[in-house]
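Worksheet: one structure, shown below.
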Amino acid sequence: MKPITLAVTLLVIGVVSVCHGESTSEQLSEAIASAFKVYEDRLNNVEAYFANLARQVMLQQFNSEQRVRTDGYSGVKAIRGSHHGPANYYSKSHVGTRFMAIHDHADFIRTMGMGEINVVINGVDFSTRHNDYKLVMSSTSSTEYHATEPIPFPEVPPSVTELDDIDAQTEEMRTYFKAFATQNTTLRDYRPYFKANLCYMEAAWTLDKSIEEPFESDRHQLDAASWLELQSLIRYGAYTGTKSPDENFAHLPTTIMHVNKTTGEPAFAQWNYRILCSPIEQDIPLKYLKQVEDLQHDFPRNRVGADNKNLRSARFVLYDHEDPKYERVGLLDYIFYNISGKDNRATGLTQQSYGYPLYLPYGETKELQDTSRYARATELGGEDAMGNKFLARGFNDPNLWCAETTQPRVAPIITEKCATERVGKRKVETCESFETRFSWAIPLEIVYMTPLFSWNPYKIPYSDSRTTATEKGKLNGATEGKAYNGTDLAHYYITPVQFYKGTFDSNDNADTAKGGVWVRDATDTPRKCSAAGPRIITPNIEGVGNVRLRYPIAPVHGEGSAVWKELNAFKDLYHSQSVAKEEKSKLVHFRMATTFKNPPGEHYHEFTLSVFDFKKIRDEGQSRMVTTSLNQGHTHDLLVVYRRGRFEYKSCSGVSKCSDGHLRDLTPDPEDVANI
Ligand SMILES: *[C@@H]1O[C@H](CO)[C@@H](O)[C@H](O)[C@H]1NC(C)=O
Ligand SMILES: *[C@@H]1O[C@H](CO)[C@@H](O)[C@H](O)[C@H]1NC(C)=O
Ligand SMILES: *[C@@H]1O[C@H](CO)[C@@H](O)[C@H](O)[C@H]1NC(C)=O
Ligand SMILES: *[C@@H]1O[C@H](CO)[C@@H](O)[C@H](O)[C@H]1NC(C)=O
């Protein structure tokens, strides 16, 4: 009810009373009171309707999240499309020519190229801006919201720095890369200098009213003044099918987190995400990073079965076992438990979930779980309805990493537990409210940092700016005369160009580094250098080849659906069957031992087994019946077995020993079995 209407109504009551000449002040105030009562009742009703409506909107949002949550895992869903073709797999999904739109900005000191992606985290479906995140980690000294610090660069091995000659240093550095690429710690113990990091995406509902840059990028930032403006710009893009050329808009939804039971007031929250990294203390051997096949990428490009590991489309899973097996906790659990949520460091929070404490789901002793660190599994203080103590967080989402936080800028999830008590004849309701704050994360990449970040044999000066090297755009490094004035954060060229083989230039147009530029060192001598920032795959290193340094391990949203699980099982079945098919068509030639018995006279026989049968006999203890070639007018039917490390016959034409005296040994052709 508008106040103006109320005022007019009161005035009318007053005027009518006065005109009738029967007004007393008593009557007037009675009239006013009853008029107010009418409006008060209506206002109460409106408030109640409004509260119910707000609650319904909140539940509606929850329903749509719940739908997404149960359709798939937390993970990457799609990247921006461009091409298409006669079948749907010609257009992109989570993968196109690149998985997750990753690319290089190796000329930037710490920038990890990553384009716009569409992601689901804990049921919230959102789109990022062009990410280009930085190699930074949560602050180790400050608990301030979103405070970060640079991840220290690995040191240069002393066996490199102690050499005076640049060529000798280059050679030694290559040897380290060779040791890393071949994982040969005997050649050089590369492990202290090639450090793995887990880069992850973290998201939460926040209370930020004004637009908050989710994380630092040297190349991109949200291009809007407020959340509302951002939402209207992204809607414009969605309805008109266009984009901002700078790729600086993100779709970050809002929600109603809570409706106050007493006042009906809704509490709004804003979704936001960020990307950061965390150093992993232990060495992560490359063999733990197992490539996942995306046929939708490989098939239309005729690359099925090819070595696709060094393509930008390649994605991996981190799995530290030789043979696949079921597990509840694995290496990623230990890595994530060393990463804290929005409190920046482990603070020893312990969550009481529905009244039960939560424990670490592994370890010798029963230990309370520090819920300020990321975990996807926990152990319940009590048993669940099925008698289980182990709990995978989320209903069915192996990628839901959760961390509790005390940051007041994260929206609390408030819930009330009420009990009614009888006091005399009246029922009295007492409510207790619980509130907690959470953020969620998914892994994005394992990133190896190398000594190239700090190997600076020419001692080229560095300036923490963007314009010093170019002297505000005057220099471009193309010639000795235009050599950069040292390096800066956006022109980070310190690697001697001869470290790489030949000249190179990237053919990915999202990349920015040039093949080799002139840079002035501290004595103003121009030096030809290559970019030393992060790279997915290095250019060809003389004597080593290309070395992959970024291993994307982000989960894919759709892989959480039952259809995709069946599809992956089917792919693996198909592969094992096509291997079997190939093995069935390849033959191993065998020879029996020569017999000199006369009659029938000196002779031997031959027969063949398929590679498939060969393996069944040798590896699985099976036997096969074969018929040998004809010689001296006869053949033998042999039951072939494998015993004491060799092939032999168990029976020969129905009797235990061939009647013409062949010894038991059956000899396969060494050439045929060379690779089996
Ligand atoms: C590892 O390097 C050592 C020393 O150069 C070499 O002898 C050895 O053969 C290498 N191992 C492998 C598996 O290549
Ligand atoms: C609901 O509103 C009342 C009155 O403003 C306030 O005292 C109370 O703390 C609020 N409850 C919650 C859970 O925000
Ligand atoms: C986690 O941190 C502890 C303590 O610093 C360390 O001992 C452990 O190796 C780390 N775990 C991983 C997987 O890096
Ligand atoms: C060249 O770089 C140095 C720092 O390395 C800086 O002090 C100087 O101002 C730069 N020169 C110009 C002309 O920008």
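Give the residue, chosen from Glu327, Glu322, Glu293, that is exposed (fewer than 15 other Cβ atoms within 10 Å of the Cβ) and within 20 Å of the chain's Cα centre (by Cα).
After ruling out the rest, the residue left standing is Glu327.
For the stretch 279-292, check the following and say yes or no: at least one residue is more than 16 Å from ligand 3 (Cβ to nearest atom) and modelled with pLDDT under 95.
No, the stretch 279-292 contains no residue that is more than 16 Å from ligand 3 (Cβ to nearest atom) and modelled with pLDDT under 95.
Would you list the strands (runs of 3 or more DSSP E) that sit entirely within the stretch 387-441 and hold 2 or more residues that are of a type outside the set (Asp, Glu) and out of contact with any strand residue (DSSP E or B) (no Cβ under 7 Å at 6 or more places or on another chain)?
Answer list for the stretch 387-441: 413-423.
Given Tyr356, Tyr362, Tyr334, which one is at pLDDT 95 or above and hydroxyl-bearing (Ser, Thr, Tyr)?
Tyr334
Condition check: more than 16 Å from ligand 1 (Cβ to nearest atom), under 26 Å from Arg345 (Cα atoms), in a loop (DSSP other than H, G, I, E, B) and within 24 Å of the chain's Cα centre (by Cα). Does Pro154 satisfy that?
Yes: the conditions hold for Pro154.
Name the residue that is nearest to ligand 4 (Cβ to nearest atom), counting only residues in the stretch 285-340 that are farther than 23 Å from Lys195 by Cα and acidic (Asp, Glu).
Asp307
Condition first: part of a loop (DSSP other than H, G, I, E, B), of a type outside the set (A, V, I, L, M), in contact with a Pro (Cβ under 7 Å, 6 or more places away or on another chain) and in contact (Cβ under 8 Å) with a residue 12 or more places away in the chain. Can you find one or more residues in the stretch 166-185 that meet it?
yes
On the given criteria, is Ile117 on the phi < 0 side of the Ramachandran plot, crowded, with 23+ Cβ neighbours inside 10 Å and free of Cβ contacts under 8 Å to residues at least 60 places away in the same chain?
yes
For a quick check of your reading of the model, give me the residue pairs whose first member lies in the stretch 595-614 and is assigned by TED's automatic domain parsing to the domain that holds Glu648, whose second is loosely packed, with under 14 Cβ neighbours inside 10 Å and of a type in the set (Phe, Trp, Tyr), with beta-carbon atoms closer than 6 Å and at least 6 apart or on different chains.
Close Cβ pairs satisfying both conditions: Glu602/Phe596.
Tell me, yes or no, whether the stretch 659-666 has at least one residue that is part of a strand (DSSP E or B) and crowded, with 16+ Cβ neighbours inside 10 Å.
There is at least one residue in the stretch 659-666 that is part of a strand (DSSP E or B) and crowded, with 16+ Cβ neighbours inside 10 Å.
The values are calculated or read from the model by the stated rules, or taken from the named source; none is laboratory data. A quick note: this is a predicted structure, and the numbers were derived from the prediction, not measured. Cβ atoms come from the backbone with ideal geometry, glycine included; neighbour counts cover every protein chain shown.
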